[in-house]
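Contents: one structure, followed by commentary.
Every read-out reported here was derived from the displayed coordinates using simple, explicitly stated rules and does not represent laboratory data. Computed from a predicted structure; not experimentally measured. Glycine also receives a Cβ, built like all others from the backbone with ideal geometry; neighbour counts cover every protein chain displayed.
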Amino acid sequence: MAHVRLKIQRFNPEMDSAPQWREYTVEAEPTDRVLDALHAVKWHHDGSLAFRRSCAHGVCGSDAMMINGKNRLACKLLIKDLKQPIVVEPMRGFAVVKDLIVDQTKFFEKYRSVKPYLIAEEPPPATERLQSPKQQERFEDTTKCILCGACTTSCPSFWANGEYVGPAAIVQAHRFLFDSRDQGAEERLEVLNKASGVWRCRTIFNCTDACPRGINVTKAIVEVQNLLVAHAKQGSTTDAAQ
Amino acid sequence: MATSSALSSAYGRPKPTGGLELWSWVFMRVSGLLLLVLALGHLVIMHLINSVDAIDYDFVARRYIGWFWRSYDLLMLVLAMVHGLNGLRVILDDYLHQPVQRRIAAWLLYGIGGALTALGIVAVVVFQPPSSVGVP
């Protein structure tokens, strides 16, 4: 066991007028995760510390937060790999509910706006909708998203303009846009083609760096942009032919 | 089966893609590439091939006898101004959230940008080299 120093941004809207920093020293193994250190704070030092976590194994995406200046999952980051004091803040760009918990209402509104589900016009076949491994590979990368919000809240375009649909929603749209079984492209592209859609991306790559699942987020966004351009070109050719 | 088709038709007719944001994004990429060639060419001619000391009124007047360099400069001017103005428009959209602020900023941007572009175009198009220039 070693001493681990943490500097955590605390904010209780019922009591504080502004967020404040508090430092804690806890006992933990170097091979423990940041989440274990947060648990040590909550269980042995200050029970009022609030943060989200569920599976604690990098699958559910509940404990995304800014750790030493970068959006990370607290359950995937080892203490030995970090400089101390470990600085922990809530993700930026959302209102803070309490301490490390942010209000994700708008995040999920944007997620729902791109219709993140299979849209198929044809009646379902007797067995399953078949797909070749190659067709599946086309959108494999974006199926890995766990909706933790690390990408969207690391995006300077989103910080500046909260109307921007954000990388996470675009990743979700990408997952269905490039699915050979899906037929909802027109509906999703209409949402993504708005001023608040994919065009707000400045290819800053913060999202790609932040993604705890290693998704090539910026690449996915550019693929959706190119898809929109291809559709527009196709549309203008069809219009000219008519 | 009936449910699935009813669900799909409920979404209504999709609007065609296209529009200002899409084409301005395409324009930024195309003009960016063209400007890279044009501006680098300009830099090489004006600063590497010719010395800055050698560039004077006569030098410009000689270049502007024909239409090639005029067209080159005109293209570079228009592309650079529209590229820059569109970039600023997008930044203003990001950072200004009140509709009134946006409108005022947009009018100022288009007014000043348009005036500067017009001034540049007039200078390139109207300029008449004196008849003595180009005579050896």
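Report the semi-axes of the equivalent ellipsoid for the range A:1-96 in whole Å, largest first, where each axis is √(5λ) for an eigenvalue λ of the Cα gyration tensor.
Semi-axis lengths for the range A:1-96 are 20, 16, 12 Å.
Can you list, by residue number, the Cys in the protein assembly as shown that have no neighbouring cysteine C-beta under 4.7 Å?
Isolated Cys, the protein assembly as shown: A:CYS75, A:CYS145, A:CYS148, A:CYS155, A:CYS201, A:CYS211.
If contacts are Cα pairs under 8 angstrom and at least 6 residues apart, what is the relative contact order of chain A in percent?
17 percent
Which FRET efficiency value, to the nearest 0.05, do you get for A:GLU14 and B:ILE121 by plugging their Cβ-Cβ distance into 1/(1 + (r/R0)^6) with R0 = 51 Å?
0.25
Relative contact order for the range B:22-126: what percent, with Cα pairs under 8 Å and sequence separation of 6 or more?
Relative CO of the range B:22-126 lands at 32 percent.
Which shape class applies to the range A:105-241: rounded if a/c is under 1.5, otherwise prolate when a/b exceeds b/c and oblate if not, where a ≥ b ≥ c are the square roots of the Cα gyration tensor eigenvalues?
On the way: a/c = 1.80, a/b = 1.28, b/c = 1.41.
Oblate, because a/c is 1.5 or more while a/b does not exceed b/c.
Within the range A:6-84, how many Lys pairs sit with Cα atoms under 18 Å apart, leaving out pairs fewer than 8 places apart on the same chain?
The number of close lysine pairs in the range A:6-84 is 6.
Order by neighbour count: A:GLU29, A:GLU128, fewest other Cβ atoms within 10 Å first, most last.
A:GLU128, A:GLU29
Under 12 Å from the Cα of A:LYS106, which aspartates and glutamates turn up, not counting those fewer than eight places away in the same chain?
Straight-line reach from A:LYS106, under 12 Å: A:GLU163.
Using the alpha-carbon centroid of each, what span in Å lies between the range A:10-29 and the range A:56-77?
Between the Cα centres of the range A:10-29 and the range A:56-77 lies a distance of 18 Å.
For A:PHE158, A:PHE11, what's the fewest-to-most ordering of other Cβ within 10 Å of each Cβ?
A:PHE11, A:PHE158
Given the -39500 (n - 2.57) contribution per DSSP H run of 4+ residues, what per-residue ellipticity at 222 nm results for the protein assembly as shown, rounded to the nearest 500 deg cm²/dmol? Before the final figure, lay out each step's value.
Values: 13 runs with 173 residues, N = 378.
Theoretical 222 nm ellipticity from helices: -14500 deg cm²/dmol.
Place the peptides B:58-70, A:142-154, A:193-205 in order of packing, highest mean first, counting for every residue the other Cβ atoms within 10 Å and averaging per peptide.
Top of the packing list down: A:142-154, A:193-205, B:58-70.
Take peptides A:172-183, A:73-84 and line them up by average Cβ neighbours within 10 Å, highest first, as a rough protection proxy.
Top of the packing list down: A:172-183, A:73-84.
I'd like the distance separating the alpha-carbon centroids of the range B:57-122 and the range A:166-219, in whole Å.
Cα centres, the range B:57-122 to the range A:166-219: 32 Å.
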